[in-house]
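The values are calculated or read from the model by the stated rules, or taken from the named source; none is laboratory data. Quick caveat: nothing in here was measured; it's all calculated off a predicted structure. Heads up, the Cβs are rebuilt from the backbone with ideal geometry, glycines too, and the neighbour counts pull from every protein chain shown.
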Amino acid sequence: MKVFIFLLITFNTFFLVTKTAHAQLRNQPTSVPVTIQESLTEEASGEAEKIAVPQEDLTKPEEIRQKEEILSLFEKRLVEQPKPINIIAFTVQKAVHSGVPANTIILILLLPFLATGVAFFRYIIGLPSLEMLVPVALAVSLIATGLTAGFIILTAIMLASFVARFILKKVHILQIPKKALSLLVVSVFVFLALMGSAIENLIIVKQLSIFPILLFILLSDKIVSLQLKKNVSETILITGVTIVLGVLGFFFLSLPSIRNFILLYPETILVLIPVNLLIGRYLGLRATEFFRFRLVRQNADQ
Amino acid sequence: MPISKSVLGMNARNFNYIQKYNRREYIKLVDNKIRTKRLLLKNKIPTPKLLKVFRDRNQIRNFDWQSLPKEGFVIKPARGYGGEGILPFISWHKDFGKTPLEEEISQIELESHIFDILDGSYSIQNLPDIAYAEELIITDPFYRKLTKVGLPDIRIIVFHKIPIMAMLRIPTRETGGKANLHMGAVGIGIEIRTGITTSAIFKNNPIKFIPHTKIKVKGIKIPSWNSILKLAVEAQIASGLGYAGADIVFNAKNGPQVLEINARPGLAIQNANRTSLRSRLERVENVPVTSVERGIEIGKSLFAEHKLEHLDTGQKVLSILEEVTLTSNSFNENVKAKLDTGAYRTSIDKRLAEKLGITPLSKKIHISAASGQQERPTVRLNFRLSGKNISTIATVADRSHLTYPMIIGRKDLKGFLINPVPDEEIEEIDDLDNLE
């Protein structure tokens, strides 16, 4: 129980830290065109007042004003004729001109970066996360709900998964009904969390899209199976790493400088090919293994 | 090629060894413990007995639970991992059983546990699985001394018939009897040549004593080490895997048995031995090995540890005359005895027996010796020969006219090799060599 309370506190401190970091990052002057900069400061002041101004949802198609900003962004790199060297940039700009939302393109182009990040964490750093799907989906859902709502729902899910573990470990029933029951617990907790935050005015629940919330709940299935299978410390490590990865992914997906950059220079995704080939052929020790095998290494040095 | 001194990490293990030498079909085979068991049996490798396989719900419903052995059994998932889903019973009474922790489990609870297994609660990706009942292993007393709970085993990593590294795994109370290191079992490194333990880890920290005991982790000599190595190598060959970890358990009734074969043996064995697997594997990667014996020989000579170099592992060769220590209730006496493979029983001089104060047994033994037929009195005799304690029934005779007060017969010479040439003659041969 103590461990549990401690965890919740750590988790929420982590949230506050990320939240402030996020706000600060958004306030930082970036090298984006003037028009974008203006809109940013507007938005940042909106952020300061919190709930007053609705935060823009980066998963939705942009408004006309933002669309114009993006079109003016393209003036920084004019590609009128497709050439082998700029074919990707040309395609992207053409897509935006013919009506594909820039937000959509940005998210699609940035997802492989997130996946590479997950691979890097696993094979170079050596921290286990929940497969590829969960951290990436977590990042995207956080983008859709915003940090505050995302963390409220995540806290509810974590609480629910511990409760589900506590109850269901003792219930001798088959596996899938067990998971269905745990989903019931999670749904109730998420519902209560949303109701609570609506009453307390923490977030504007009205503006939350249902799909990211559903995605969160479905992801909880993975956390609960982890809970039922592994012991507490392993669950905490794996879920912790997954959430940190999700939050890092959230920052990555929401930083205006990165978003503008990938839209202007979509060729950057090609960098991922050599990067992944390198990660895939890294046969040295993972960072965490330097600690794990310290006894062997001390002996070998003698 | 330079040999890397660095530790073998997960990336290198997966890429350089598992992907390269372990074909998927064989990995799949050893991941299924029932198929592994059949494979071992086919290759005449000892393994705990399979009692019953539960493939579907009907087999659980129609099973005659009373047919389970009263002295206990173990329920396991065929494709479980990390020791999950294993449920041992130390006794079974028609419709309920007791676990090693004295917990009572009813037949209904057991059925529901087997349902869980079939439904994939403990299999690698929650895929539907098969459950089976296996004979309960009564741990050999030698290993029982090391821990009160669970099933200690020896993990040996074998690469192309060569034993690479070995580790004794001892469950503690914390692991609930499981021998997995990451669950908190003790891992003790074993030197390949001598079978003597060297160093240990417990929860990834070095330890000097086995937890809850006063036994030092260093210097435990594993009994019948050679046959254990042989079992491990045979298991690797049978599995079809190039790089495998064999888990060997010690059944009090049947001796060492292969419990399972692992296609992705863990890396913590390096911590237990304080040695890199990578440098050992690289040294033997391209060595062709023709037989089990040759593989063991190569492993022993390549991975011998400097510290234990002076220890002799071969069988000791005794000469015809050996000093033995006779022990009685009151005192010990050292005498020179003649090892006589021509005699069946050990015999000692009457006066020596009197001196030791051993009272003759009531039973007399009929002897046919070169001197004719005789009835001789007998005594219970305890003595120590070349470090081995022997307790036997010896005959008593008047040997005052003979050179040695005691002869040791072939009944008490089991396990020794005897050089029939007396020491003096060997010296003479040495002299001849020197002349040339």
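A few points about this structure:
- From the list A:Leu219, A:Leu202, the one residue that fits, being under 17 Å from A:Gly150 (Cα atoms) and not in a helix (DSSP H, G or I), is A:Leu202.
- Meets criteria (surrounded by fewer than 20 Cβ atoms within 10 Å (Cβ to Cβ), among the hydroxyl-bearing types (Ser, Thr, Tyr) and assigned by TED's automatic domain parsing to the domain that holds B:Thr197) for B:Ser301: yes
- Those residues of segment B:47-64 which are exposed (fewer than 15 other Cβ atoms within 10 Å of the Cβ) and not basic (Lys, Arg), in sequence order: B:Val53, B:Asp56, B:Asn58, B:Asn62, B:Asp64
- Restricting attention to segment B:1-54 and to residues that are β-branched (Val, Ile, Thr) and in a loop (DSSP other than H, G, I, E, B), the residue that is farthest from the other protein chains (Cβ to nearest Cβ) turns out to be B:Ile45.
- Test set (1) crowded, with 20+ Cβ neighbours inside 10 Å; (2) within 14 Å of another protein chain (Cβ to nearest Cβ) - A:Leu237 fails condition number: (1)
- Only residues that are more than 14 Å from chain B (Cβ to nearest Cβ) and either at pLDDT 90 or above or in contact with a Phe, Trp or Tyr (Cβ under 9 Å, 6 or more places away or on another chain) (or both) were counted across segment A:165-180, and they come to 0.
Yes or no, residue by residue, for (1) assigned by TED's automatic domain parsing to the domain that holds B:Ile34; (2) buried (at least 16 other Cβ atoms within 10 Å of the Cβ); (3) polar (S, T, N, Q); (4) closer than 28 Å to B:Ile124 by Cβ:
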{"site": "B:Ala252", "(1), (2), (3), (4)": "yes, no, no, no"}
{"site": "B:Arg283", "(1), (2), (3), (4)": "yes, yes, no, no"}
{"site": "B:Asn286", "(1), (2), (3), (4)": "yes, no, yes, no"}
{"site": "B:Lys307", "(1), (2), (3), (4)": "yes, no, no, no"}
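- The set of residues in segment A:181-196 that are surrounded by 20 or more Cβ atoms within 10 Å (Cβ to Cβ) and away from chain B (no Cβ under 14 Å) comprises A:Val185, A:Val186, A:Phe189, A:Val190, A:Ala193.
- Of the residues making up segment B:146-160, at least one is more than 30 Å from B:Tyr21 (Cα to Cα) and either part of a strand (DSSP E or B) or of a type in the set (Lys, Arg) (or both).
- Condition check for B:Leu146: in contact (Cβ under 8 Å) with a residue 12 or more places away in the chain and either away from chain A (no Cβ under 14 Å) or among the acidic types (Asp, Glu) (or both): yes
- Scoring B:Asp116 on the criteria (1) under 23 Å from A:Val171 (Cβ atoms); (2) touching a strand residue (DSSP E or B) at 6+ places or on another chain (Cβ under 7 Å) leaves a single failure, condition (2).
- Of the residues making up segment B:254-280, just one is more than 10 Å from every other protein chain (Cβ to nearest Cβ), in contact with a Gly (Cβ under 6 Å, 6 or more places away or on another chain) and buried (at least 24 other Cβ atoms within 10 Å of the Cβ), namely B:Pro265.
- Within segment B:55-89, restricting attention to residues that are among the hydrophobic types (A, V, I, L, M, F, W, C) and part of a strand (DSSP E or B), the residue that is nearest to B:Glu103 (Cα to Cα) is B:Phe89.
- Of the numbered criteria (1) within 11 Å of chain A (Cβ to nearest Cβ); (2) closer than 28 Å to B:Val292 by Cβ, the one B:Thr194 fails is (1).
- Residue satisfying all of: in segment B:85-119; more than 13 Å from chain A (Cβ to nearest Cβ) and under 18 Å from B:Leu50 (Cβ atoms); surrounded by the fewest Cβ atoms within 10 Å (Cβ to Cβ) among these: B:Ile86
- Residues of segment B:331-365 that turn out to be out of contact with any strand residue (DSSP E or B) (no Cβ under 8 Å at 6 or more places or on another chain) and within 14 Å of B:Arg380 (Cα to Cα), as a count: 3
- Number of the condition not met by B:Tyr122 [criteria: (1) at pLDDT 90 or above; (2) over 18 Å from the mean Cα position of the chain (by Cα)]: (1)
- The criterion of at least 2 residues that are more than 14 Å from chain B (Cβ to nearest Cβ) and within 22 Å of the chain's Cα centre (by Cα) is met by the following helices (runs of 4 or more DSSP H) wholly inside segment A:242-301: A:256-264, A:272-280.
- So A:Leu138, is it within 16 Å of A:Leu272 (Cα to Cα), surrounded by 21 or more Cβ atoms within 10 Å (Cβ to Cβ) and away from chain B (no Cβ under 14 Å): no
- B:Glu260 being under 25 Å from A:Arg292 (Cβ atoms), out of contact with any Pro (no Cβ under 7 Å at 6 or more places or on another chain) and among the acidic types (Asp, Glu): yes
- Only one of the numbered conditions (1) more than 10 Å from chain B (Cβ to nearest Cβ); (2) at pLDDT 90 or above is violated by A:Asp221, and that is (2).
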